[in-house]
Amino acid sequence: ALRVLLAQHPRAGWRTDPGFGPLSAFWLQMHLSFRDMLAAMTADAAALAEAAADPQRTGRRLGQTGGRFLDHLHGHHGIEDQHYFPAMARIERRLARGFDLLDADHQALDLHLATFAEQANALVRPLA
């Protein structure tokens with residue numbers, strides 16, 4: 001069903017679609033910012049592992065970026081689950097089932113993100 005919808009609503013037209021435009025533009029930009037933060041954290045973690053960076057400065061930056069990443073991700077998932085997914089499902093009913101699956105994924109991710117935060121904080125706290 002999603003492939004049929006994608007064929008009917010190609011990604012290239014999402015930003016200018018009167019129903020999806022504002023929602024999709026912001027939504028896609030947020031996902032890009034998450035990828036950027038992940039890339040920065042990966043680079044900092046690799047530099048720390050290879051002893052190629054100042055541990056205090058890099059650890060502090062890694063902790064700050066990680067905290068911002070998790071805060072924004074939790075907020076983003078809440079906005080998606082409570083506002084974006086229902087709004088987009090009202091515009092296109094065939095998306096509802098997919099959004100229900102994504103909502104369930106967000107709920108399952110919460111435990112993993114909490115565990116990740118605890119473990120990451122234990123690693124970077126001594127460096128800050």
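Here are some notes:
- Here is how the number arises for the chain: DSSP H runs of 4 or more residues each give -39500 (n - 2.57), the sum is divided by the residue count, and the result at 222 nm is -26000 deg cm²/dmol.
- A 1.4 Å probe run over the chain, with the rest of the protein chains in place, finds 66 Å² accessible per residue.
- Short-range pairs are left out: with C-alpha atoms under 8 Å and at least six residues apart, the relative contact order of segment 1-121 is 23 percent.
- Among PRO55, PRO18, PRO86, the largest mean-square fluctuation in a Gaussian network model of the chain, built with springs joining Cα atoms closer than 10 Å, belongs to PRO18.
- Euclidean distance between Cα centres, segment 2-80 to segment 82-108, Å: 19
- Carbon plus sulfur fraction of accessible area for segment 1-113, probe 1.4 Å, in percent: 60
- Where labels lie 7 Å past Cα in the beta-carbon direction, separation of GLN56 and LEU5 in nm: 5.1
The values are calculated or read from the model by the stated rules, or taken from the named source; none is laboratory data. Keep in mind that this is a model prediction, so the values were computed, not measured. Cβ coordinates were reconstructed from backbone atoms using ideal geometry, including for glycine residues, and neighbour counts include every protein chain displayed. Each accessible area value is taken on the protein alone, full model and side chains, heavy atoms only, with ligands, DNA and RNA left out. Shrake-Rupley method; radii C 1.70, N 1.55, O 1.52, S 1.80 Å.
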